[in-house]
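These notes concern the structure reproduced below.
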Amino acid sequence: MAVKKTGGLAEVIAGLTAVSTVGKEGKGLTYRGYSIHDLAEFGTFEETAYLLIYGKLPSETELRQYKIRLAGLRRLPEGVRGLLELLPGDAHPMDVLRTGMSALASFEPETAGRSQFEIADRLIACCASVIMYWHHYHTSGSRIETVTDNGSVAGHFLQLLHGHKPSELQERALDASLILYAEHEYNASTFASRVTASTLSDFYSAVVTGIGTLRGPLHGGANEAAMELIGSFGDPDEAEAAVLQMLADKKLIMGFGHRVYSVSDPRSDIIKGWSKTLSEKNGGMTLYQISERIEQVMQREKKLFPNLDFYSASAYRMLGIPTVFFTPIFVISRLSGWSAHIIEQRAGNRIIRPSAEYTGPEPLPWEPISSRS
Ligand code: COA
């Protein structure tokens, strides 16, 4: 049966928010009024998460205390660790993360006197621990200590992954990426989280909804899909020929285009800069050059521009991060945006329940089973 494509709620104002602006005339991308450019250049992910969740930039003391608090929330309950050991080693880390976060809800439920702010902090703090505990257990059999002496969320992730302290440049690059990924208004996963929150469900359920929605390649999964594409080419000429063929075959090129932006994604140039810096530092420009060529082809052929996911792929590769962890990193960061939106939804809640235009048959008479064909 042919089904008409839906409008995907394009250009529909589905609610109110004071968390961020995306592509608004004269404002661009801002988190609680602050430009993404300033946040990425002068801020840190912790300042950004605090801003989103607590509604203001932290003072020096508040930031110091917030970082200490997050660092103290990295250990996983024994039951969650046991569960992560039971999951298959060849599962996708997004499955693991969805299950791990969901399991945490049973060990540390919202109903046991925990505030929504405490849960938001806890999830941001221990997200890397969930993925990396599972990863190391299944690749080397080691039950790693998920508490590190690294003070930042970005540094904690890289330290757990590689087993040693990242360089300042590496930590700063991932930190900038976390800032860029933190929030983006009513994107699919945030909206889905708000829908769950609007039923007065618990905080974890709303977050797990977000994780499931983020995973798809049309949304957060695009960074992994972009890496697979870029990584399949040996040089820019090969990439150009293959992308032209994909366009002729009407295939999507992951990491390009956007529902809201029509000319460019303001986050792309920032992450592109990091991708270039890391590539130069690593002494390998091939991936970056392949990426740039694909960008040129997409601009020339389709007037399409890279979104944040495209250059995130080569930047993450330059940080030595395996592709399967790209979308989980997006989760670590977007937990801050989801949390801000869940809190906001709860503060002025009305259940989200839109209507649909009916396209089915006219009312039919009941058919007894004996007379059906
Ligand atoms: N590669 C090739 N063509 C693309 C494209 C891409 N990445 N993105 C959009 N297009 C084309 C569409 O096929 C469509 O062509 P048509 O008019 O001939 O059918 C046209 O551009 C408009 O796109 P549309 O599908 O209406 O955009 P949307 O707003 O529904 O979807 C995205 C937005 C982001 C889902 C879409 O651009 C996409 O699938 N991008 C790739 C996945 C991705 O990078 N996602 C991360 C988003 S941050």
task = Return an integer: the convex hull volume of the alpha-carbon atoms of the chain, in Å³ per residue.
result = 193 Å³
ask   = Counting pairs of alpha carbon atoms under 8 Å apart in space and at least six apart in sequence, what relative contact order in percent does segment 23-133 give?
value = 26 percent
ask   = Which ³J(HN,Hα) values in Hz, rounded to whole numbers, follow from the phi angles of segment 66-76 under the Karplus curve 6.51 cos²θ - 1.76 cosθ + 1.60, where θ = phi - 60° and Gly and Pro get x?
value = 4, 5, 5, 4, 4, 4, x, 10, 8, 7, 9
key: Listed residue pairs exceeding 23 Å between alpha carbons, taken from Lys67/Lys165; Lys251/Lys303; Lys5/Lys250; Lys56/Lys165   = Lys56/Lys165
key: Per-residue HN-Hα couplings for segment 169-184 [Karplus 6.51, -1.76, 1.60; θ = phi - 60°; Hz; x = Gly/Pro]   = 5, 4, 5, 5, 5, 5, 4, 4, 5, 5, 5, 5, 7, 4, 7, 7
task = Could you work out how far apart the two model spin labels at His92 and Val263 are, taking each label as a point 7 Å from the Cα in the direction of the beta carbon, and quote it in nm?
result = 3.5 nm
query = Given Ser205, Ile332, Ser35, which one lies farthest toward the positive end of the charge dipole of the chain, if we put +1 on the Cβ of every Lys and Arg and -1 on the Cβ of every Asp and Glu?
reply = Ser205
task = Report the one residue of Met246, Leu308, Ala356 whose Cα lies farthest in the direction of the positive end of the charge dipole of segment 243-373 (charges on C-beta: Lys and Arg +1, Asp and Glu -1; origin at the Cα centre).
result = Leu308
note = Relative contact order in percent for the chain (Cα pairs under 8 Å, 6+ apart) equals 21 percent
request  = Can you pull the one-decimal nm distance between simple spin-label points at Ser373 and Ala347, each 7 Å off the Cα toward Cβ?
outcome  = 5.9 nm
message = Under the rule of at least 5 residues apart or a separate chain, name every residue whose amide H is placed under 5 Å from the amide H of Met285.
response = none
message = Could you work out the relative contact order of segment 89-186? I mean the mean sequence separation of Cα pairs under 8 Å and 6+ apart, divided by the number of residues, in percent.
response = 21 percent
ask   = Which ³J(HN,Hα) values in Hz, rounded to whole numbers, follow from the phi angles of segment 188-193 under the Karplus curve 6.51 cos²θ - 1.76 cosθ + 1.60, where θ = phi - 60° and Gly and Pro get x?
value = 4, 6, 5, 4, 4, 4
note = Residues other than Leu287 with Cβ under 14 Å of its Cβ, Lys/Arg counted +1 and Asp/Glu -1, net out at -1
Qualifying aspartates and glutamates (Cα of each under 15 Å from Cα of Lys272; at least 8 residues distant if same chain) = Glu41, Asp175, Glu280, Glu292, Glu295, Asp309
query = Using a Förster distance of 25 Å, how high is the FRET efficiency between Glu362 and Lys5, based on the Cβ-Cβ distance and rounded to 0.05?
reply = 0.65
key: Amide H contacts of Arg74 (H built 1.01 Å from N, under 5 Å, at least 5 apart or other chain)   = none
request  = At 7 Å along the Cα-to-beta-carbon direction for both Lys281 and Leu169, put a label point, then send me their distance in nm to one decimal.
outcome  = 0.5 nm
Segment 55-181: proportion of alpha-carbon pairs further apart than 19 angstrom, % = 52 percent
task = Would you mind checking which residues have amide H under 5 Å from Gly28's amide H? H placed 1.01 Å from N; only 5 or more apart, or other chain.
result = Gly23
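Since every read-out is calculated from the coordinates, none of them should be taken as a lab result. Just so it is clear, the model here is predicted, and its values are computed rather than measured. Neighbour counts run over all protein chains shown; Cβ positions are idealised from the backbone, glycine included.
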